[in-house]
1. Looking at the stretch B:54-69, is at least one residue aliphatic (A, V, I, L, M) and away from chain A (no Cβ under 12 Å)?
2. Where residues in the stretch A:335-361 are exposed (fewer than 15 other Cβ atoms within 10 Å of the Cβ) and within 11 Å of chain B (Cβ to nearest Cβ), which of them is modelled with the highest pLDDT?
3. Given the condition under 12 Å from the mean Cα position of the chain (by Cα), closer than 25 Å to residue B:50 by Cβ and not small (Gly, Ala, Ser), answer yes or no: does some residue in the stretch B:164-182 qualify?
4. Within the stretch B:277-286, is even one residue at pLDDT below 90 and either of a type outside the set (Asp, Glu) or not in a helix (DSSP H, G or I) (or both)?
5. Tell me, which residue of the stretch A:190-212 that is closer than 16 Å to residue A:179 by Cβ and of a type in the set (A, V, I, L, M, F, W, C) is farthest from the other protein chains (Cβ to nearest Cβ)?
6. I'd like the full set of residues that are over 13 Å from residue A:425 (Cα atoms) and either of a type outside the set (Val, Ile, Thr) or within 13 Å of chain B (Cβ to nearest Cβ) (or both), limited to the stretch A:375-396.
7. What about residue B:355, is it in the same structural domain as residue B:392 (by TED's automatic domain parsing), surrounded by 14 or more Cβ atoms within 10 Å (Cβ to Cβ) and in a helix (DSSP H, G or I)?
Amino acid sequence: MAEAGTVRELASALRARSTSAVELARDAIARAKADPYNAWLLVAEEHALALAQAADERIAAGDPALLCGIPWACKDIIGTKDVETTAGSRILDGYVPPYSATVVERLDREGAVMIGKTNLDEFAMGSSNENSAFGPAHNPWDPARVPGGSSGGSAVSVAAGEVTFALGTDTGGSIRQPGALTGIVGMKPTYGRVSRYGVVAFASSLDQVGPFARAVEDAAIVCQALFGLDPSDATTMPLPAEDLRRDLERGVKGMRLGVPKEYFIRGIEPGVERAVRAAIRDLESQGASIEEVSLPSTDSALGVYYIIQPAEASANLARYDGVRFGLRVEGPDLVETYKRTRGAGFGAEVKRRMILGTYALSTGYYDAYYVKAQKVRTLIKEEFERVFAKVDALVTPTSPSIAFGIGAKVNDPLQMYLNDVFTLPVNIAGLPGISIPCGLSEGLPVGLQVIAGYFQEATLFRVAAAYERATDHHTLRPSTLRKS
Amino acid sequence: MDAGAERVAEGDAVSVAMGRAYEIVIGIETHVELGTLSKMFCGCSARWFGMPPNTLVCPVCLGLPGALPVPNRRAIELAMTAGLALHCEVPEHTKFDRKNYMYPDLPKGYQISQYDLPLNVKGWLEIPADGGGTKRVGIIRAHLEEDTGKLLHGQGYSLVDFNRSGVPLLEIVSAPDMSSVTEALAYAEALREIVIHAGVSEFRLEEGAARFDTNVSIRFREGGEVRWPPQSEIKNLNSLRAVEQAATFEAQRLWDDWHAGGEIRSRRAKITVGWSPETGRTFLQRRKEEAEDYRYFPEPDLVALAPSRETVATIRSSLPEMPSERRARLASQHGLSDYDARILVSDPALAALFEDAVGLGADPKVTANWIGGETLRLLRERSVRAAEIPFTAAQLAQLVGLITTREISATIAKDVFAEMWASRTDPAAIVEEKGLRQVSDEGALGAVVDQVLAAQAKAATDYRGGNKRALEALFGAVMGRTKGKADPRVVRRLLTEKLG
């Protein structure tokens, strides 16, 4: 039961008939079932085998898509028709969506084979996967540590070699941070690139679906399948089709890369800073020109994020009322039924954010919090735009720390929120960002974040691929796997 | 200062009607469903009335996790059309907001509506004023939102039908410019006509597809001060009659409460009340103090709208003729009374029927009478919409022609009309087939008159003796014997001649 290969490896094996989609699916299902990290909430065996069978028929018919027959894992906040979807919460108890998210439909269309649904912080609210109603996921590099969050299960499923790629959602860093903490590629597209239709909404103006993979090219291949206007999501952008892999081989020679000084001053672990500085030097030695830039409002980003995100979440989560689907705890009257249902169905962090958001939107506080946050959001966007007039991309640490111990931060929400200080400004601005492995600190992975201008994902992949080619950090595997 | 007391400087414009104990101040919020084929934010059919429960639903209008709204372009156009017909401005920037509250008929837990940047602002319409002449009632705003589902209450349980959920709704908010219940009714009627004429909605009050929330307050002078205590908002009135009765009741109740030293004297904010047609009374629903905080914020799932000036100009230039203009034109062009013009314009389908029939040569006055008379009577009796009148303008024109050329009598005409309605047959064919042509031949009618005079000799004697009413009995007998086909004027002349 070898690890899952990359898209390129598997696709060529499938074309050479040295394996079949059904065989790949069986292997992935076996790995998922044997997964010791609590990465999976559901292994959809029959569903996956049916998809694999269909993929094999397409391969036999010739000219399949690149992703045809490739096993993947789906964060359980992305709705899947006929496959239970929990969002990591008890409140959705028993909910089976009657429709699939657009991203799932697009991967289905490619012939990719979804193996199952992965663990996550409840409603994607968290940075450690410890807020899952179904228990934390564990980091394959050290099972006593968190894999990051909120897309922890998806990150683990790829980092542990169980599947070739996975989908996550990133609202404040929920793909990039777990990508960094588990030593793989995690990418968040520009807001408006990927349809959110069918993805359980957390914070609508920040959420974006993106891939986890072990290779930059795989992330680009998955994005190629996901990107594009969706008539069901009014916030997706109509853009001309482009080949996202066109610049993978170009290298960074002649590129201008910015290093925002505000990303190296707060509580960053020395080992993380060392690895990131080294990565920046690597890029420079490949011919990129490095310049320090400033994003002065970075300090305010966390505050802005923790107003806008809970505000939107407080409205998005109002629909879980026990009337039409999911959990229902009957009370003597309507209001009591609401209270009991929501009281029993939501976890502590979700309740905390709904209270925060409700407060921020209340009469008398709205102007002071929500309106002000939106103004600062505009400032943050403008600062990024100014910087991208001078540089092609920014390079920063993804997370200020390496994977921390399970339980280490659960009682300190503020410490937990600080995990996302380097990633959430990217969501606030709506920019694309990617995290790639850039070495180890204390034997655990460190992520390098690359941020590009709006819809400049090809640039993002160009920098990431160049770095990946020149280094071997992405080939490192969790020691726990190497031992076994 | 007391609650509700307002010191008025000398010469202040606030006027308290003379001869009445108090002045009524009314403002109306009207919710009207737009006549689109599909819902506001999804592709489900918007024609929900009478459909089996929960058959016109999808993830979007059921508020399922992950569903997203996509705005209905036609609904936005219709909303602008209504606004422009109400002389509103369409701002260059407008957006949707979330209005947050939880209720089982609201699947998302918020309603997509418009808060601070509505699609239409600052309009007006004209109504007949109480003191004669016309009066402008301001339209503060008219914004787009989505309708809710419907709750069906059983014994110990409630069911929700989401067919109506997400149907596009226009909320039209008037200024508190109506100073009487009569003016409130005139406003509601004028608004209904404009909305229907603009082709925006059929304004089906009887189906709950249009509702009025009526704000009522009273203003009066007491001890040299003008007092204007907080208003009552009467929610969800679904007929003009309900508006009339509820507003009348509530104004009097506020007045009585004031004089009984009731809670209105200490209250500082408005209350929300419901109306029970069964008891003829309002009942308290909510005090403002306990009102919900809707926590409006911009809908992040939708992009802000920027209606182009070209679009606005196009819609404005393609607005159909509005009711007041049409009334004036019909009256002057065809010499109709204001009353006739008002009836015809009360529904564009009636006005069109009239204009088409007259265009085919029918006499305007007679045509107006037949539309305002028999046609309306049958529409009401059979609960048929004017748009669904079974006969054509050509058939009506033909009928009017038969009447004005005196080929059929008025009595016969009613039968022909009923037959035309039922069978959609041309009136000329009906007359021909049934032999209903009016008999004016003096020889033939003279013979019948002679028979009647012979048979009813006593009546003839009475008449000659001075009892003029006896003539009616004789006349009726002649009409009876001719089965109503006799030309009444010829019969009368023959009778008086022969009795003279």
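1. yes
2. Once the filter is applied, the top-ranked residue is A:339.
3. Taking every residue of the stretch B:164-182 in turn, none turns out to be under 12 Å from the mean Cα position of the chain (by Cα), closer than 25 Å to residue B:50 by Cβ and not small (Gly, Ala, Ser).
4. Yes, because at least one residue in the stretch B:277-286 is at pLDDT below 90 and either of a type outside the set (Asp, Glu) or not in a helix (DSSP H, G or I) (or both).
5. A:212
6. Hits for the stretch A:375-396 are A:375, A:386, A:388, A:389, A:390, A:392, A:393.
7. Yes.
Per-residue answers, yes or no, for (1) within 14 Å of chain A (Cβ to nearest Cβ); (2) buried (at least 18 other Cβ atoms within 10 Å of the Cβ); (3) under 24 Å from the mean Cα position of the chain (by Cα):
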residue: B:282; (1), (2), (3): no, yes, yes
residue: B:293; (1), (2), (3): yes, no, no
residue: B:300; (1), (2), (3): yes, yes, no
residue: B:303; (1), (2), (3): yes, no, no
residue: B:329; (1), (2), (3): no, no, yes
residue: B:338; (1), (2), (3): no, no, yes
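The values are calculated or read from the model by the stated rules, or taken from the named source; none is laboratory data. On a predicted model such as this, the values are computed, not experimentally measured, just so you know. Every residue, glycine as well, gets a Cβ built from its backbone with ideal geometry; the counts of neighbours run over all protein chains shown.
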